[in-house]
Structure formats: structure tokens, C-alpha cells
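Okay, so here's the structure we're looking at.
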Amino acid sequence: MTEPDPRVARLSDTKQELLNLWLADGPAARSAPRTGAERIVTGIWGEVLDLDEVGLDDDYFALGGDSVHAIVIVAKLEAAGLRISAQELFSLGTARAVAERAGAEQAGVGWQGAERAVAGPVVTDHPLSPMQEGMLYHSVGGSSPGAYVVQACCSLTGDLDLDAFRAAWTAVVEATPALRASFDWADGARPHQVVAEAAVPDVQVLDWRDRDDRDTALADHLEQDRDRGFDLGRAPLFRLTLVRESDRTHRCVWTHHHLVLDGWSQQLVLADVLATYGALVAGVELHLPRRPGTAEYLAWLNRQDRAAADEFWNRQFTGLTGATRIARPGCVRGQVVARRGGEVVVSLPEERTAELSGLCRGNGLTTSTALYGAWALLLSELCGGDDVVFGVTVSGRPPTLPGATELIGVLINTLPLRVRCATSGPALPWLRELQDRLAAMREHGHVPLSGITRSVGLHHRDTLFDTIVVVENFPVTATGNGAGPLVIGDVRTVVDEGYPLVLEVVPGGQLLLRARHDPTRLDAEEVAALLDALLACLGALIADPEQSPSRLRTLLAGHLRQHRERTFHARQDTAAKKLATARRQATSTPGRAGVADTEEDA
């Protein structure tokens, strides 16, 4: 067996302990693979899920599998000669059933065949992906300079070798075409991207060791850095700032445009930088792979049946009567003035998170499916309708494209998810149906949102929704890693996707919910109430998974009503205090103007 790929997500220690307890009866109770297909499937499952052994009848979800693992597994099975979709993987559930369905004809092919490398010449000029076209339109169409600018900030503790740090980034830029890309749409030509033969990383070093206002200065620097934006015609479309806080502590700010990297690719780049830096400071030779770029994806995209995809999306929205919007009206999307976005963060306690994970795993569901369902019910209650739509992000990495999981570029996509909430049956079957629909959507997830909007009869400027849910679940992560003598921590990422409300879900021991919002359209108090209601809905689902979505929605209605009442009474109290203060001032200063205005305001 080959060494496990370090880029594949690991099961948490807690999951591994639970799995070990589940297997306590010994391996004799499990069915071992016999055919070539069974050996390929169990081998790949073990590699991707980081398990020493996988039985033929082990349940995929019970082993810790989810939708992101499925992308990697399906891609590796395809490379090994076994073709199956992620939707089939979910529905079949066991390695035995997957092997039978795939029906491998290449009995002599071992599962190590999935490790084949993908390499190709560096692209110098090629079109944009559909997602890039949309981003470019909103980036240059009068939006704020910070639109689609991604900013990651982390702490670096230890002895930082600045020369090695620069050299590591230079080496990764040389090996990664996407980091040398710029964009051209001069003379009315169709926008395209040009990949330069070389690009020099912009690394700024600030020495703040003697400053007492470092926190305030950092906050100001981060905002100014985002507002700088980028000259999209000049590579590289990223920059780095190192802030020296003490002899052994630094802050690293990596700012890049979303046009060149999605979240999955960002993690791949960071992993390469850390590996290169560690090798340089250790004096070890390291050869970075030249990863596939967007050109391979575009070639795959051109082979897809667009008519079939359009028909699928048109079918998804037959009978839809309107968009789902909860925010106050604002500027047209893509014409937002510069602003400082708001953020509200809550978390599901560790015990509750474990209960939710166990509930989903035991019923063949992913945690993200449960969150999508709860969010749909919340939108349904807010909008007063049973038919709602919101955006969900997908990796956009097709399992049928060799090397898709290693490709660096922009494949991510935002898809509209339609959910009908009027059902009196139990919640679990409703969630399973939702999960099946999500799997079917991913099969056609390469269609850009603008194309989907047109297929349902709307203008591309119109929107079906104003909220999106982003599940940050990548098979690669640099968070918490070390780079030689450095320890990385306190990682924070900021990005403006251009929507009034973006719910970011971060899996972990405690499920983290981070809501980024436009404060001109949804204030922090409103967003906090939504997250509080969402946690209450998840808690009710954990307590009684057999209750209906309609009952959960009734619970949400009561929760939101209580919040409105508390807010109303709090504002009454505030107004009364202001009025009392104004009257005292008027009494102590006879003839003072302004009391009438204060009373009216109160």
C-alpha cells in the first residue's frame, strides 16, 4: 500500500476513537474484499478516510465520509478504472455495493493506480471559466475595490527566515500557473487570462515591535489592504505583508483576488508553501509538482452536454413564483459602495455538535444537509412562504477530470438550492430527499449561476436569492500546521462575495457558524437573532428527529417572535431613558431648545 496522501482530510481523534470502539469486536466480524473491484474500493476508502481497514459492509457515513471525501473518492475510482457518481456513492452506502455497481473490468489494476500524476505545459493564454467571468463582471462593473478580494491573516510563532519565506513563495509561483495569471479584455475582446512565464511575489515587511497600538494598526492595515484592490491586468494578483510584532512572533497577511484561486486551491497553495519553506530551512531538496491548471478544466467543460444541463436546471425551478430575499433593498449587486462588512459568530457546543454528527451519520446524512434543511426552514418562516431558494457553494471539481482534486484555479460555483418546506412527514426522510437533490445538482454544478438564471427565464442581473451558505470543508488544510520551526495559528479569512448575508459553516469539535453581512441591509442584531434561531432549530432536530419540518418551522416562528418582543421592549426602555434624560436637562436649564425633538425621536 502506498503512503496516504497528506492532502486528504483526516478523521478527528474523536471520530477515530469512536470508530475503534465500534470495531472492538475484532476484524473477524468484518467482510474482507475478494474481487479486484472490492480491493480497489476498500483501498481507496481507507486512503481517503485515513483508515487502516475498511470492510465490505461498512457504512460510508459511519466511517466519517462526507460530500468532500466523495469528490476525492470518485475521482480516484475513475482513475483506477471504476466509474460511479457521488450520488450513487451516497445511495449505495457500502463498499460492497459500490464495487458491484462499478463493475471493474480491469481486474489487474491496483488501487494505487489512482495516484497517477497529471502534468502538462504551462498555458500562456486561454479563456475564463464561467465562475471567473461572473467575478470579473462584478469586479470591474462599478463595485467596491474590495469586491472578491480574499484576505487571510495568521500568526507565525518561531524563528522566521525571511529569505527562505520569500524563496518558498517564489518557488510556488513558478510551479503554479494560476499565481502568474492576469486578465485582459482590451479593445472589446472577450475577456481572457494570460499566464506569464514569471512573476515576482510582492512581500512587504513592517516592523511594529515598538508600537503599543498594534491591534488597532493591524485592523486599519487589513481594511486599507482590502480596499486597495488589484490591477487585474498585472500579475501576480496577490500580495503578502509580514508584520513583525516581536523577535519570535509575526503576523502574515496574504491577500489575493478570487479570480485566481478558490478556497480549495488556496489550501493547496498554502500546503505547497509550507512544505517548501520547511524543506528550505531544513536544507532538504524538494521538487514541487507542476499542478494542472484551468486549461484542463476548460477542455473538460467543453465536452459537457450543456443542453442537458440547462434542461435539468429548468426542471428544478418549474413553478417557482418568486425569489427568496430577506435583506432590505440596497444597491444593485455589483454596484455596492465601499463599506466595512459585519460579522457575527456563534458555535454549537461540543456535546451538541457530537450529537448532531452522530444523528446524521446514523441516518446516512451529512451534517451540511442538516444545516441546509434548517436554513431553508428559517428562510421559509422569515419570508412567509413554503418554497424557498438560497445559494450553496460547491467545489466544482468533476470526478471525471483526472487530477481535479489537485487542480489550482477557480472551479468553485454557487448553485441555487430550492427547498419546499410544507411537509407534515418526519424530518429525516425530507432531509434525505434534500441530500439526493444536492447530489443531482452537483452532477450539473459546472453551469454558472448566470446561465442557470437565464434557463429559468430571468435576466442575468436578477437574483433568485440574497443569502448563501458556504461549508468550509476542504480535503486539504494548512491550519494548525507548522512550517519548519514556525507554528501557525489564529487564522482568519475575510472575503466579500457581494451578497447581503453569507453563512460560513466551519466543521470541527464545535460547529462554527460565521455570518458575514452587509450592515446597511441587515444589522448585527438581526443576524445574531437568525443564528440563534438556527441553533435552536438544530437543537430541536437533535432532540426529536422524527418531528416534521412544519413543526420545526413553528418552533422557529416562536423563537423569532420572542426575539422581536425582546427587541421592542429594549427599544422602548432605551427611548424612555432618553426622554427622561432630556426632561431632566430641560428642568435644570429652563428655556433650553431641543426637548420637543428629543420627545419626538423617543
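No lab work stands behind these numbers, since they all come straight from the coordinates. As the structure is a prediction and not an experimental result, all values here were calculated from the model. Here the Cβ is made from the backbone with ideal geometry for all residues, glycine too, and neighbour counts use every protein chain on show.
Filter the trypsin sites (Lys or Arg not before Pro) in the stretch 289-329 down to the DSSP loop ones having no more than 16 other Cβ atoms within 10 Å, then list what survives.
Here the trypsin sites (Lys or Arg not before Pro) that fit, given the DSSP loop and packing criteria, are R290, R303.
With each label point set 7 Å from Cα along the Cα-Cβ vector, what nm distance links S91 and R584?
Reported label-point gap for S91 and R584 is 7.0 nm.
Considering only C-alpha atoms, what is the centroid distance from the stretch 384-435 to the stretch 220-270, in Å?
29
I'd like to know which of A181, L222, L162 lies farthest towards the positive end of the charge dipole of the stretch 159-231, counting +1 on Cβ of Lys and Arg and -1 on Cβ of Asp and Glu.
Selected residue: A181.
Along Cα→Cβ, 7 Å out, is where each label goes; now give me the distance between the ones at R290 and E311 in nm to one decimal.
Placing both labels 7 Å along Cα→Cβ, they lie 4.1 nm apart.
By count of other Cβ within 10 Å, fewest leading, how are K577, K76 ordered?
The order, fewest Cβ neighbours first, is K577, K76.
Grab the Cα-Cα distance for D210 and T249, subtract it from 0.36 nm times how many residues apart they are, and report the gain in nm with one decimal.
12.7 nm
Along its principal axes, what span do the Cα atoms of the stretch 125-295 show, with the longest given first and each in whole Å?
51, 40, 23
Would you mind ranking D305, D466 by Cβ crowding within 10 Å, fewest neighbours first?
Going from least to most buried by this count: D305, D466.
For V140 and D59, FRET efficiency with R0 = 56 Å and r from the beta-carbon atoms, rounded to 0.05?
With a Förster radius of 56 Å, E is 0.70.
Relative to the Cα centre, what is the charge dipole magnitude of the stretch 125-295, using +1 at the beta carbon of each Lys and Arg, -1 at the beta carbon of each Asp and Glu, and rounding to the nearest 20 debye?
The dipole magnitude comes to about 300 debye.
Please compute, over every Cα-Cα pair in the stretch 162-257, the percentage with a separation greater than 22 angstrom.
41
For the stretch 344-469, go through all pairs of different Cα atoms, get the mean of 1/r, take its inverse, and jot down that Kirkwood value in Å.
About 16.3 Å, per the Kirkwood formula over Cα pairs.
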